[in-house]
Amino acid sequence: MSHTAELIAVGTELLLGNIANTDAQMLSQGLSALGINVYYHTVVGDNPQRLKAAVELAKTRADLIITTGGLGPTCDDLTKNVLAECFGKKLVFDEGSAQRIRDYFARLHPDRPMTDNNLQQAMLPEGCTIFSNDWGTAPGCAFESGGVRVIMLPGPPRECRAMFRYRAIPYLQDLADGVIVSRTLKLFGIGESAMEARLRDEMQVMTNPTLAPYAKEGECELRITAKAADHHQAISLIAPVEAQLRGIFGDKVYGADIGSLEEAVLALLKGQKKTLGTAESCTGGLIAKRMTDLPGASAVFRGGVVSYSSEIKKSVLGVPAELLDKYGAVSAQVAKAMAEGARRVLGCDLAVSATGVAGPDQDDRGNPVGLVYVALATDKGTYVREVRAGSGRERIRTVASHHAFDLVRRYLTGLLSFGERK
(Lines give C-alpha, C1' and ligand atoms only; values in the text may rest on other atoms or scores of the structure.)
Protein backbone atom coordinates (compact mmCIF):
# COMPACT_ATOMS: atom_id res chain seq x y z
CA MET A 1 0.00 0.00 0.00
CA SER A 2 1.22 3.48 -0.84
CA HIS A 3 0.93 6.02 1.96
CA THR A 4 0.49 9.77 1.61
CA ALA A 5 1.56 12.33 4.16
CA GLU A 6 0.77 15.95 4.86
CA LEU A 7 3.03 18.11 7.00
CA ILE A 8 1.41 20.85 9.06
CA ALA A 9 3.76 23.39 10.61
CA VAL A 10 2.19 25.45 13.40
CA GLY A 11 3.51 28.88 14.26
CA THR A 12 2.72 32.47 13.40
CA GLU A 13 6.46 33.20 13.28
CA LEU A 14 6.70 30.95 10.21
CA LEU A 15 3.98 32.87 8.40
CA LEU A 16 5.64 36.18 9.23
CA GLY A 17 8.92 34.95 7.80
CA ASN A 18 10.74 35.44 11.09
CA ILE A 19 12.10 31.90 10.87
CA ALA A 20 12.44 29.41 8.02
CA ASN A 21 10.54 26.13 8.03
CA THR A 22 13.57 23.85 7.99
CA ASP A 23 11.61 21.11 9.76
CA ALA A 24 9.52 20.51 6.65
CA GLN A 25 12.57 19.97 4.45
CA MET A 26 14.07 17.53 6.92
CA LEU A 27 10.82 15.59 7.35
CA SER A 28 10.17 15.36 3.61
CA GLN A 29 13.61 13.93 3.01
CA GLY A 30 13.21 11.44 5.84
CA LEU A 31 9.75 10.30 4.76
CA SER A 32 10.90 9.86 1.17
CA ALA A 33 13.63 7.55 2.40
CA LEU A 34 10.89 5.47 4.03
CA GLY A 35 8.92 5.32 0.79
CA ILE A 36 6.17 7.59 2.14
CA ASN A 37 4.89 10.18 -0.33
CA VAL A 38 4.59 13.76 0.93
CA TYR A 39 1.96 15.49 -1.16
CA TYR A 40 1.21 18.62 0.87
CA HIS A 41 2.98 21.12 3.11
CA THR A 42 0.77 23.42 5.16
CA VAL A 43 1.80 26.29 7.42
CA VAL A 44 -0.78 27.74 9.81
CA GLY A 45 -0.53 30.35 12.53
CA ASP A 46 -1.26 30.01 16.23
CA ASN A 47 -5.01 30.15 15.70
CA PRO A 48 -7.24 27.22 16.75
CA GLN A 49 -9.92 27.78 14.12
CA ARG A 50 -7.48 27.92 11.23
CA LEU A 51 -5.49 24.97 12.55
CA LYS A 52 -8.67 22.93 12.90
CA ALA A 53 -9.63 23.75 9.31
CA ALA A 54 -6.18 22.71 8.10
CA VAL A 55 -6.38 19.39 9.97
CA GLU A 56 -9.88 18.64 8.70
CA LEU A 57 -8.69 19.22 5.13
CA ALA A 58 -5.61 17.09 5.68
CA LYS A 59 -7.81 14.21 6.90
CA THR A 60 -9.49 14.09 3.49
CA ARG A 61 -6.29 13.73 1.46
CA ALA A 62 -3.63 12.05 3.61
CA ASP A 63 -3.39 8.95 5.78
CA LEU A 64 -0.43 10.35 7.72
CA ILE A 65 -0.46 13.81 9.28
CA ILE A 66 2.69 15.10 10.95
CA THR A 67 2.56 18.37 12.85
CA THR A 68 5.51 20.40 14.07
CA GLY A 69 5.33 23.08 16.72
CA GLY A 70 2.68 24.17 19.18
CA LEU A 71 3.54 21.65 21.93
CA GLY A 72 5.12 24.06 24.39
CA PRO A 73 3.96 25.56 27.71
CA THR A 74 2.47 28.90 26.57
CA CYS A 75 -1.11 29.80 25.81
CA ASP A 76 -0.51 29.81 22.04
CA ASP A 77 0.80 26.22 22.08
CA LEU A 78 -2.44 24.66 20.96
CA THR A 79 -1.58 21.80 18.62
CA LYS A 80 -2.50 18.92 20.96
CA ASN A 81 -5.80 20.51 21.94
CA VAL A 82 -6.90 21.02 18.35
CA LEU A 83 -5.71 17.62 17.12
CA ALA A 84 -7.44 15.86 20.02
CA GLU A 85 -10.68 17.69 19.21
CA CYS A 86 -10.45 16.89 15.48
CA PHE A 87 -10.04 13.17 16.20
CA GLY A 88 -12.40 12.92 19.15
CA LYS A 89 -9.79 12.18 21.78
CA LYS A 90 -9.47 13.40 25.34
CA LEU A 91 -6.25 14.86 26.70
CA VAL A 92 -5.00 13.04 29.78
CA PHE A 93 -2.16 13.80 32.14
CA ASP A 94 0.89 11.54 31.81
CA GLU A 95 2.85 11.41 35.03
CA GLY A 96 5.91 9.87 33.35
CA SER A 97 6.17 12.82 30.96
CA ALA A 98 5.59 15.25 33.80
CA GLN A 99 8.45 13.78 35.80
CA ARG A 100 10.75 14.02 32.79
CA ILE A 101 9.87 17.72 32.54
CA ARG A 102 10.54 18.26 36.25
CA ASP A 103 13.88 16.46 35.97
CA TYR A 104 14.83 18.52 32.91
CA PHE A 105 14.27 21.81 34.74
CA ALA A 106 16.04 20.55 37.84
CA ARG A 107 19.13 19.84 35.74
CA LEU A 108 18.92 23.00 33.65
CA HIS A 109 17.86 25.51 36.34
CA PRO A 110 18.60 24.00 39.75
CA ASP A 111 18.48 27.42 41.39
CA ARG A 112 14.93 28.38 40.46
CA PRO A 113 11.56 26.60 40.54
CA MET A 114 9.77 25.36 37.43
CA THR A 115 6.58 27.25 36.62
CA ASP A 116 3.42 25.14 36.65
CA ASN A 117 2.46 25.94 33.06
CA ASN A 118 5.24 23.64 31.89
CA LEU A 119 3.17 20.67 33.02
CA GLN A 120 0.59 21.33 30.33
CA GLN A 121 3.15 19.69 28.05
CA ALA A 122 2.37 16.41 29.86
CA MET A 123 -1.27 16.51 28.69
CA LEU A 124 -1.44 13.99 25.84
CA PRO A 125 -4.17 12.33 23.72
CA GLU A 126 -5.59 9.24 25.42
CA GLY A 127 -4.15 5.98 24.15
CA CYS A 128 -1.32 7.62 22.21
CA THR A 129 2.22 6.37 21.78
CA ILE A 130 4.37 8.83 23.72
CA PHE A 131 7.67 10.01 22.24
CA SER A 132 9.91 10.99 25.15
CA ASN A 133 11.93 14.11 24.44
CA ASP A 134 15.55 13.82 25.57
CA TRP A 135 16.46 17.08 23.81
CA GLY A 136 13.87 19.44 25.31
CA THR A 137 10.73 19.49 27.44
CA ALA A 138 7.71 18.86 25.19
CA PRO A 139 7.09 15.17 24.46
CA GLY A 140 5.84 14.15 21.05
CA CYS A 141 3.19 11.52 20.42
CA ALA A 142 1.44 9.42 17.81
CA PHE A 143 -1.97 7.81 17.45
CA GLU A 144 -4.25 6.31 14.82
CA SER A 145 -7.90 7.20 14.32
CA GLY A 146 -10.27 6.55 11.43
CA GLY A 147 -7.56 5.23 9.15
CA VAL A 148 -5.32 8.28 9.68
CA ARG A 149 -2.09 8.22 11.65
CA VAL A 150 -1.10 11.38 13.45
CA ILE A 151 2.36 12.30 14.70
CA MET A 152 3.04 15.45 16.70
CA LEU A 153 6.63 16.68 17.01
CA PRO A 154 8.13 19.76 18.72
CA GLY A 155 9.02 22.71 16.53
CA PRO A 156 12.60 23.68 17.47
CA PRO A 157 14.73 22.15 14.69
CA ARG A 158 17.24 20.54 17.04
CA GLU A 159 14.47 18.76 18.92
CA CYS A 160 12.40 17.99 15.83
CA ARG A 161 15.29 16.38 13.98
CA ALA A 162 16.25 14.15 16.90
CA MET A 163 12.65 13.22 17.72
CA PHE A 164 11.95 12.26 14.13
CA ARG A 165 15.09 10.17 13.84
CA TYR A 166 14.95 8.37 17.16
CA ARG A 167 11.22 8.29 17.94
CA ALA A 168 9.08 8.74 14.83
CA ILE A 169 11.07 6.64 12.35
CA PRO A 170 10.87 3.46 14.45
CA TYR A 171 7.13 4.06 14.80
CA LEU A 172 6.79 4.50 11.04
CA GLN A 173 8.80 1.45 10.01
CA ASP A 174 5.67 -0.64 9.43
CA LEU A 175 4.34 2.07 7.09
CA ALA A 176 7.39 1.93 4.85
CA ASP A 177 6.50 0.96 1.29
CA GLY A 178 9.92 0.43 -0.26
CA VAL A 179 12.42 3.25 -0.59
CA ILE A 180 12.69 6.39 -2.67
CA VAL A 181 16.22 7.22 -3.84
CA SER A 182 17.35 10.32 -5.71
CA ARG A 183 20.58 11.14 -7.53
CA THR A 184 21.27 14.68 -8.62
CA LEU A 185 23.48 15.58 -11.58
CA LYS A 186 24.98 19.06 -11.48
CA LEU A 187 25.52 20.94 -14.74
CA PHE A 188 27.30 24.12 -15.70
CA GLY A 189 27.35 25.74 -19.13
CA ILE A 190 23.71 25.23 -20.16
CA GLY A 191 20.54 27.14 -19.28
CA GLU A 192 17.49 25.56 -17.70
CA SER A 193 15.24 26.16 -20.71
CA ALA A 194 17.74 24.60 -23.14
CA MET A 195 18.21 21.65 -20.82
CA GLU A 196 14.47 21.16 -20.34
CA ALA A 197 13.76 21.44 -24.08
CA ARG A 198 16.26 18.68 -24.78
CA LEU A 199 14.61 16.37 -22.25
CA ARG A 200 10.94 17.32 -22.45
CA ASP A 201 9.79 14.27 -24.42
CA GLU A 202 11.68 11.86 -22.17
CA MET A 203 10.40 13.46 -18.97
CA GLN A 204 6.79 13.29 -20.09
CA VAL A 205 6.84 9.51 -20.51
CA MET A 206 9.06 8.59 -17.54
CA THR A 207 7.29 7.08 -14.55
CA ASN A 208 9.95 5.23 -12.54
CA PRO A 209 12.53 6.68 -12.42
CA THR A 210 11.28 10.23 -12.82
CA LEU A 211 13.40 13.17 -13.94
CA ALA A 212 13.08 16.75 -12.73
CA PRO A 213 15.11 19.81 -13.79
CA TYR A 214 16.03 22.59 -11.38
CA ALA A 215 17.69 25.94 -11.94
CA LYS A 216 20.09 27.63 -9.56
CA GLU A 217 21.91 30.91 -10.07
CA GLY A 218 24.07 30.28 -13.12
CA GLU A 219 23.82 26.48 -13.12
CA CYS A 220 21.32 23.62 -13.33
CA GLU A 221 20.44 20.32 -11.71
CA LEU A 222 18.80 17.14 -12.94
CA ARG A 223 17.31 14.97 -10.23
CA ILE A 224 16.66 11.32 -11.01
CA THR A 225 14.27 9.69 -8.53
CA ALA A 226 13.41 6.00 -8.35
CA LYS A 227 11.10 4.03 -6.08
CA ALA A 228 11.86 0.36 -5.41
CA ALA A 229 11.74 -2.37 -2.80
CA ASP A 230 15.24 -1.57 -1.58
CA HIS A 231 18.14 0.80 -2.15
CA HIS A 232 20.03 -1.53 -4.47
CA GLN A 233 17.05 -1.92 -6.82
CA ALA A 234 16.48 1.84 -6.85
CA ILE A 235 20.11 2.47 -7.82
CA SER A 236 19.84 -0.08 -10.62
CA LEU A 237 16.87 1.87 -12.01
CA ILE A 238 18.74 5.18 -11.78
CA ALA A 239 22.04 4.01 -13.35
CA PRO A 240 20.93 3.74 -17.03
CA VAL A 241 19.16 7.10 -16.87
CA GLU A 242 22.26 8.75 -15.43
CA ALA A 243 24.38 7.19 -18.17
CA GLN A 244 21.99 8.50 -20.82
CA LEU A 245 22.07 12.03 -19.36
CA ARG A 246 25.85 12.06 -19.17
CA GLY A 247 25.90 11.02 -22.83
CA ILE A 248 23.59 13.88 -23.78
CA PHE A 249 25.25 16.67 -21.80
CA GLY A 250 28.84 15.46 -21.76
CA ASP A 251 31.35 17.68 -20.00
CA LYS A 252 28.63 20.08 -18.84
CA VAL A 253 28.00 17.55 -16.07
CA TYR A 254 30.49 18.39 -13.34
CA GLY A 255 29.36 15.92 -10.70
CA ALA A 256 26.64 13.85 -9.08
CA ASP A 257 25.31 14.33 -5.55
CA ILE A 258 27.86 17.07 -4.99
CA GLY A 259 27.09 20.42 -3.48
CA SER A 260 28.86 22.87 -5.77
CA LEU A 261 31.47 23.56 -8.39
CA GLU A 262 33.97 24.54 -5.72
CA GLU A 263 33.53 21.16 -4.04
CA ALA A 264 34.35 19.45 -7.32
CA VAL A 265 37.40 21.70 -7.73
CA LEU A 266 38.57 21.07 -4.16
CA ALA A 267 38.46 17.30 -4.72
CA LEU A 268 40.41 17.62 -7.98
CA LEU A 269 43.05 19.87 -6.43
CA LYS A 270 43.55 17.48 -3.54
CA GLY A 271 43.66 14.47 -5.84
CA GLN A 272 46.33 16.05 -8.03
CA LYS A 273 48.15 17.79 -5.18
CA LYS A 274 47.79 21.20 -6.82
CA THR A 275 47.44 24.59 -5.12
CA LEU A 276 45.17 27.48 -6.11
CA GLY A 277 45.20 31.24 -5.66
CA THR A 278 42.90 34.07 -6.74
CA ALA A 279 43.07 37.63 -8.02
CA GLU A 280 39.67 39.31 -7.94
CA SER A 281 38.27 42.63 -8.97
CA CYS A 282 34.53 42.63 -9.71
CA THR A 283 33.92 39.48 -7.61
CA GLY A 284 35.33 41.20 -4.55
CA GLY A 285 36.75 38.07 -2.94
CA LEU A 286 33.76 35.79 -3.64
CA ILE A 287 35.88 33.13 -5.35
CA ALA A 288 38.18 32.95 -2.34
CA LYS A 289 35.22 32.94 0.06
CA ARG A 290 33.53 30.06 -1.72
CA MET A 291 36.76 28.11 -1.59
CA THR A 292 37.52 28.79 2.06
CA ASP A 293 33.95 27.98 3.09
CA LEU A 294 34.82 24.34 2.41
CA PRO A 295 36.40 22.17 5.11
CA GLY A 296 39.87 21.10 4.07
CA ALA A 297 40.46 24.02 1.71
CA SER A 298 43.62 25.00 3.57
CA ALA A 299 45.38 22.00 2.05
CA VAL A 300 45.17 23.49 -1.45
CA PHE A 301 44.20 27.18 -1.26
CA ARG A 302 47.17 29.55 -0.94
CA GLY A 303 45.31 32.86 -0.70
CA GLY A 304 43.79 35.65 -2.71
CA VAL A 305 44.21 39.29 -3.69
CA VAL A 306 41.18 41.57 -4.00
CA SER A 307 42.60 44.09 -6.46
CA TYR A 308 39.60 46.34 -6.81
CA SER A 309 41.60 49.38 -7.87
CA SER A 310 44.05 49.72 -10.74
CA GLU A 311 46.72 50.78 -8.26
CA ILE A 312 46.56 47.43 -6.47
CA LYS A 313 46.52 45.58 -9.79
CA LYS A 314 49.81 47.33 -10.61
CA SER A 315 51.56 47.40 -7.24
CA VAL A 316 50.58 43.98 -5.85
CA LEU A 317 49.89 41.84 -8.90
CA GLY A 318 52.36 43.51 -11.20
CA VAL A 319 49.88 44.27 -13.97
CA PRO A 320 51.79 46.54 -16.41
CA ALA A 321 50.53 50.12 -16.46
CA GLU A 322 50.59 50.12 -20.26
CA LEU A 323 48.04 47.27 -20.35
CA LEU A 324 45.68 49.18 -18.08
CA ASP A 325 46.15 52.36 -20.12
CA LYS A 326 45.70 50.68 -23.49
CA TYR A 327 42.97 48.10 -22.78
CA GLY A 328 41.40 49.18 -19.50
CA ALA A 329 40.87 47.15 -16.33
CA VAL A 330 38.01 45.18 -17.91
CA SER A 331 39.86 43.36 -20.64
CA ALA A 332 41.22 39.95 -21.55
CA GLN A 333 44.75 41.31 -21.39
CA VAL A 334 44.39 42.57 -17.81
CA ALA A 335 42.58 39.41 -16.65
CA LYS A 336 45.51 37.39 -18.02
CA ALA A 337 48.08 39.58 -16.27
CA MET A 338 46.12 39.44 -12.99
CA ALA A 339 46.03 35.62 -12.99
CA GLU A 340 49.72 35.40 -13.85
CA GLY A 341 50.56 37.94 -11.16
CA ALA A 342 48.58 36.02 -8.55
CA ARG A 343 50.30 32.77 -9.48
CA ARG A 344 53.66 34.44 -9.10
CA VAL A 345 52.91 36.38 -5.89
CA LEU A 346 51.09 33.55 -4.13
CA GLY A 347 53.40 30.79 -5.29
CA CYS A 348 50.56 28.51 -6.36
CA ASP A 349 50.24 25.98 -9.16
CA LEU A 350 47.07 27.57 -10.55
CA ALA A 351 45.57 31.03 -10.19
CA VAL A 352 42.25 32.41 -11.36
CA SER A 353 41.27 36.02 -11.88
CA ALA A 354 38.06 37.93 -12.57
CA THR A 355 37.62 41.48 -13.77
CA GLY A 356 34.41 42.98 -15.10
CA VAL A 357 31.58 45.49 -14.90
CA ALA A 358 29.17 44.68 -12.07
CA GLY A 359 27.05 47.77 -12.64
CA PRO A 360 24.74 49.45 -12.23
CA ASP A 361 26.32 51.50 -15.05
CA GLN A 362 28.77 50.76 -17.85
CA ASP A 363 32.40 51.60 -17.17
CA ASP A 364 34.28 54.65 -18.44
CA ARG A 365 35.31 52.80 -21.60
CA GLY A 366 31.75 51.88 -22.52
CA ASN A 367 31.97 48.23 -21.51
CA PRO A 368 28.46 46.98 -20.75
CA VAL A 369 27.20 45.79 -17.40
CA GLY A 370 27.77 42.06 -17.07
CA LEU A 371 30.91 41.87 -19.22
CA VAL A 372 33.48 39.84 -17.27
CA TYR A 373 36.83 38.33 -18.17
CA VAL A 374 37.93 35.28 -16.20
CA ALA A 375 41.44 33.87 -16.54
CA LEU A 376 43.35 30.81 -15.38
CA ALA A 377 47.13 30.87 -15.17
CA THR A 378 48.99 27.54 -15.25
CA ASP A 379 52.51 26.33 -15.95
CA LYS A 380 51.33 25.48 -19.47
CA GLY A 381 49.93 28.90 -20.26
CA THR A 382 47.09 31.23 -19.37
CA TYR A 383 43.52 30.83 -20.54
CA VAL A 384 41.01 33.68 -20.70
CA ARG A 385 37.24 33.40 -21.02
CA GLU A 386 34.86 36.22 -21.90
CA VAL A 387 31.60 36.01 -19.95
CA ARG A 388 28.31 37.81 -20.45
CA ALA A 389 26.84 37.49 -16.97
CA GLY A 390 23.59 39.42 -17.37
CA SER A 391 22.62 42.13 -14.91
CA GLY A 392 22.44 42.62 -11.17
CA ARG A 393 25.60 42.86 -9.09
CA GLU A 394 24.97 39.69 -7.09
CA ARG A 395 24.19 37.61 -10.16
CA ILE A 396 27.22 38.94 -12.07
CA ARG A 397 29.55 38.13 -9.18
CA THR A 398 28.06 34.66 -8.73
CA VAL A 399 28.19 33.77 -12.43
CA ALA A 400 31.74 35.07 -12.73
CA SER A 401 32.87 32.93 -9.80
CA HIS A 402 31.15 29.90 -11.37
CA HIS A 403 33.18 30.43 -14.53
CA ALA A 404 36.40 30.72 -12.55
CA PHE A 405 35.79 27.35 -10.90
CA ASP A 406 34.71 25.85 -14.22
CA LEU A 407 38.03 26.87 -15.82
CA VAL A 408 39.92 25.14 -13.00
CA ARG A 409 37.72 22.04 -13.25
CA ARG A 410 38.15 21.78 -17.00
CA TYR A 411 41.90 22.22 -16.79
CA LEU A 412 42.31 19.57 -14.10
CA THR A 413 40.14 17.07 -15.99
CA GLY A 414 41.79 17.70 -19.37
CA LEU A 415 38.65 19.34 -20.77
CA LEU A 416 39.84 22.92 -21.14
CA SER A 417 39.25 23.90 -24.72
CA PHE A 418 42.19 25.37 -26.57
CA GLY A 419 39.58 27.63 -28.10
CA GLU A 420 39.82 29.67 -24.94
CA ARG A 421 42.15 32.65 -25.35
CA LYS A 422 45.63 31.60 -24.41
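Details
- Exposure ranking of ILE101, ILE248 by accessible area [1.4 Å probe, largest first]: ILE248, ILE101
- Relative contact order [Cα under 8 Å, 6+ residues apart], region 266-349, whole percent: 34
- Once the Cα gyration tensor of the chain is diagonalised, semi-axes √(5λ) in Å: 53, 26, 19
- Separation in nanometres of the label points that stand 7 Å from Cα toward Cβ, at THR60 and SER298: 5.9
- Set LYS186/LYS274; LYS216/LYS326; LYS273/LYS336; LYS80/LYS227; LYS216/LYS314; LYS227/LYS273 screened for pairs whose C-alpha atoms are more than 32 Å apart: LYS216/LYS326; LYS80/LYS227; LYS216/LYS314; LYS227/LYS273
- Gyration tensor over alpha-carbon atoms, region 1-109, equivalent ellipsoid semi-axes in Å: 25, 17, 17
- What you get for the chain, charging only the Cβ of Lys and Arg (+1) and of Asp and Glu (-1), is a dipole of about 1300 debye around the Cα centre.
- Solvent-accessible area of the chain (1.4 angstrom probe, protein heavy atoms only): carbon and sulfur portion equals 50 percent.
- Computed with a 1.4 Å probe over protein heavy atoms only, the accessible surface of region 105-166 comes to 50 Å² per residue.
- Estimated at 0.36 nm per residue, the fully extended path between ASN208 and ARG223 surpasses their Cα-Cα distance by 4.2 nm.
- Per residue, the accessible area of region 198-311 comes to 48 Å² when a 1.4 Å probe rolls over the protein heavy atoms.
- Residue with peak Gaussian network fluctuation, the chain [Cα springs, cutoff 10 Å], from GLY359, GLY255, GLY147: GLY147
- On the principal axes of its alpha carbon atoms, region 173-292 extends 52, 35, 25 Å, with the longest extent given first.
- When +1 charges are put on Lys and Arg Cβ atoms and -1 charges on Asp and Glu Cβ atoms, the dipole computed for region 1-115 relative to its Cα centre reaches about 180 debye.
- Percentage relative contact order, region 134-190, counting C-alpha pairs under 8 Å, at least six apart: 23
- Here region 48-130 has an Rg and Dmax of 14.7, 49 Å, counting Cα atoms alone.
- Most mobile listed residue (GLY284, GLY271, GLY347) in the chain, GNM with C-alpha springs under 10 Å: GLY271
- Segments 296-309, 111-124, 149-162 sorted - mean Cβ within 10 Å per residue, highest first: 149-162, 296-309, 111-124
- Here the contact order of the chain, divided by its residue count and restricted to Cα pairs under 8 Å and six or more residues apart, works out to 10 percent.
- Summary of packing: across the peptides 83-95, 396-408, the per-residue average of other C-beta atoms within 10 Å ranks them, highest first, as 396-408, 83-95.
- Dipole of the chain, positive direction: furthest Cα of CYS220, PRO156, LEU7, with charges on the beta-carbon: CYS220
- Calculated accessible area for region 314-365 comes out at 45 Å² per residue, all protein chains present (probe 1.4 Å; ligands, DNA, RNA ignored).
- Basic side chains Lys and Arg get +1 at the Cβ, acidic Asp and Glu get -1 at the Cβ, and with that the dipole of region 288-422 about its Cα centre reaches some 280 debye.
- Projecting the Cα atoms of ILE130, ALA53, GLY366 onto the charge dipole of the chain (Cβ charges, centred on the Cα centre) puts GLY366 farthest toward the positive pole.
- Partnerless Cys - the chain, beta-carbon criterion under 4.7 Å: CYS75, CYS86, CYS160, CYS220, CYS282, CYS348
- CD proxy at 222 nm, helix term only [per DSSP H run n ≥ 4: -39500 (n - 2.57); per residue of the chain; nearest 500]: -11500 deg cm²/dmol
The values are calculated or read from the model by the stated rules, or taken from the named source; none is laboratory data. These figures come from a predicted structure and were not determined experimentally. All Cβ positions, glycine included, derive from the backbone under ideal geometry; neighbour counts span all protein chains shown. All accessible areas refer to the heavy atoms of the entire protein, side chains included, with ligands and DNA or RNA removed. Shrake-Rupley method; radii C 1.70, N 1.55, O 1.52, S 1.80 Å.
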